[in-house]
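> Here you go, one structure.
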Amino acid sequence: MTSIQQLFGELERHIKREEHDKVLVVSDKILKIDPKDKDALHCKAITLIRLERYTDALTILNRQLDTSKFTFEKAYCLYRTNQLADGAQLIANKRKELPSSSQLSWDLRHLEAQMLYRMERYQDCIELYASMLQDTAVADDSYNDILTNYKACKAAVLYSGQSLDSKWMSLDESTNSKTTAPTSQTYELSFNAACAKIAQGEYSQALKLLEESKRVCREALKDYDEEEIEQELAIIVVQIAYVYQLMGKTEQAKELYQTVLKSKALEVTVPAVAANNLVVLQKDSDLFDSAKKIKTATTKALGVKFFSTQKRTIAMNELLLSLYQNKFVACRDSAKQQLKSHPPSEYTDALYLILAAVQYKQQKKASKALEELREFAKERPQSVAIQFAIIQLQLTEENGRNFKAAIESLSNFLKTLPEKEQYRPGFVALLVWLYDQAGQGDKGMDLLSEASVIWAKSNNTSSSGSKKQEAAGTAMPLTLLKQTAAFKLRSHRYKDAAKDYEELVRTDPSDPTSIAGLIMAYSEIEPSLAEKYGTSLPEMDRSMMQSLDVETLEKVVPGHRKEYISSTDAIKAAVGGRRRPGSRLRRTGARKAHKRKPLLPKNLDPTQLGKNIDPERWLPKRDRAAARLARTRKTGAGSKKEMGKGPQGMNMEGGGIGGTGSARIAGREHLTTSAKAVAVEDISITKIDEAVESPTSSKAKSGGGSSNASKKKKGKGKGKW
């Protein structure tokens, strides 16, 4: 019988050789002799972790070992089994047990940061990584790893829409100064820095960093095979394609996405992201291909790898694809299921809009979708997206572009918001436009006046800071003043528009747009002042002259086509209408149509006009109806010569005798509605995938359902009959 000392010696030998399966066998032998041996249990738990059997290792740690001594091992198993909240709580409890002067071990801090990142607690995560950076020397091998994760967490904060504390910005500057050496730059570090630039909207800078990351990655992996290098570069290529997509360079983005999808043995998240983004680029152009690609991004294996924002984006794209494919039932059921599993947010607002779009496309009536949106608005009264969708449906052609109803909906919605939110430029612009379209320009002007006062107050308070804030505070009123002046000019309020443009010209005398607006306003009230300011306009240079299309200008020049009107109409237009001084009078009302006289024969008696005129007088006699009728009576199907010819039976509607086959009892077959639907469906399938032959076409090629139609009957040769 083997002693425990011999088994432990054998166990140590297998551990050094990393023979994990044999380690388990020897550990079990020791535990049969002594089931409570702590060293054997610890060794077995660590071996199970290395074999990625985390659930079995967690069972041993929970039941047979003291968790306080093996906190890291248990927390790591919880992390790998996606029990992130329990793992983070375990580490937090361990920190409470320590005295205030001491800290957690390095491994536990790093593991806790990873858990916080996966739980999307980015602010706590970035704070933990920042403290780890301050406690680590730059020369340490782990410094770059911590800095890389810190950059990733910073990008995640910006992507999620949260604000980044100023102290992290100062930390960035200090870390950048420490990592300027070429040896300290890694492709992971450049990649995460590029992600932060993308979240900030600096796409050109992000593209440079991604290209740098791609170059450093290829240099670092030069000893590897080309296939392995391409696998490592795939995530960088997908991110470059995403930047191209954001910049509007769709063709370059499509090409890169398709290149990644052709690669093999990639990590599952990379082709999933590429497939989803390619579906977005294709929109409704290739729905069959998009349906195949979206399945790549919705597999169960991706459930624990994607963040919540990524999951929501892919789910929304799947709903839109179902809507494009007219799968209304599936789209509606999926949207309702997601509404139950998500708290009220902007995403649920988008789901409500999807449900309304399904109703609109399925029923082909805006009124049904409008009723549904109003019910959704009761649940989410402060949702901007739902309110704007209601207004959009009220302005559709079916509802007769009901501007009054749209004004009422927007006004009631704005009353529920705080005062500062009520006068946001977007809301004010929409409401002013609705007033203008409804013929209530006075209310639009009053609203602009109220909004100008509110904006001036807010800009005065915001300008009490740095010089940059002052510049921003003074730039905002000028922009709004330009829009207000342009609206007054369109509303024929020339005096008010001239005052606003005068203030703009005083602020910036070199602005050609303000000078042009002032000239247009003065041309209606004071033509002499318009001529005075006309000299202030900049002269046209050669580049402007070369870009002009002379032929197009000649077509739109006033007076190119002369329109004459009577003297009475001219007097009415001059007295009752408003026109620019010096402009010529134009025709009012619809143009009178001139009817062309018909062509008549030369020898026609005017007294017989319209009585005995042959409508076929221009045709040759052989093509006239009388000649055709005469030929039919002599040699046609109804003549005596053709009386005995033809088939013995007739295909009579609803007639026939028994089973002779001479007539169909049901008469002619009519194509039913269901048959038409199948035919259309088969055609659509053939268009989507031309290689797959539709069932209808295959039956047509094989000759239909009867196989005896082409066979000759026995005993009936050519000489018979």
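Just so you know, all these numbers are worked out from the coordinates, no wet-lab data involved. Note that the coordinates shown come from a computational prediction; the quantities given were computed from them, not determined experimentally. Cβ atoms come from the backbone with ideal geometry, glycine included; neighbour counts cover every protein chain shown.
> For region 104-109, what does the Karplus curve 6.51 cos²θ - 1.76 cosθ + 1.60, with θ = phi - 60°, yield as ³J(HN,Hα) per residue in whole Hz, taken in order and with x for Gly and Pro?
My calculation for region 104-109 gives 5, 5, 4, 5, 5, 5 Hz in order.
> Which value does Rg/Rh take for region 4-139 over its C-alpha atoms, Rh per Kirkwood?
With Rh from the inverse mean 1/r over Cα pairs, Rg/Rh is 1.05.
> In percent, what relative contact order does region 492-538 have, based on Cα pairs under 8 Å that are 6 or more apart in sequence?
Details: 42 pairs, mean separation 17.0, N = 47.
Relative contact order of region 492-538: 36 percent.
> What's the local net charge at E188, with K and R +1, D and E -1, over the other residues with C-beta under 13 Å away?
With Lys, Arg at +1 and Asp, Glu at -1, the net is -1.
> Would you be so kind as to identify which of Q103, A130, L58 lies farthest towards the positive end of the dipole of region 4-139, taking Lys and Arg as +1 and Asp and Glu as -1 on Cβ and the Cα centre as origin?
Toward the positive end, the furthest listed residue is L58.
> Could I ask something else about it? So, with +1 on the Cβ of K and R and -1 on the Cβ of D and E, and no other charges, what is the size of the charge dipole of region 359-428 about its Cα centre, to the nearest 20 debye?
Its charge dipole is roughly 100 debye.
> Would you tally the net charge around K283, using a Cβ to Cβ cut-off of less than 15 Å, leaving K283 out, and scoring K and R as +1, D and E as -1?
Charge balance in the 15 Å sphere: -3.
> Something else: Enumerate the amide H contacts of E120 below 5 Å, restricted to partners 5 or more residues apart or on another chain; note that Pro and chain-start residues carry no placed amide H.
none
> I would also like to ask the following. What is the order of K499, K597, fewest Cβ neighbours within 10 Å to most?
K597, K499
> If you don't mind, another one. For region 442-452, just list the computed ³J(HN,Hα) in residue order, Karplus coefficients 6.51, -1.76 and 1.60, θ = phi - 60°, integers in Hz, with x standing in for Gly and Pro.
4, 5, x, 5, 4, 5, 5, 5, 5, 5, 4
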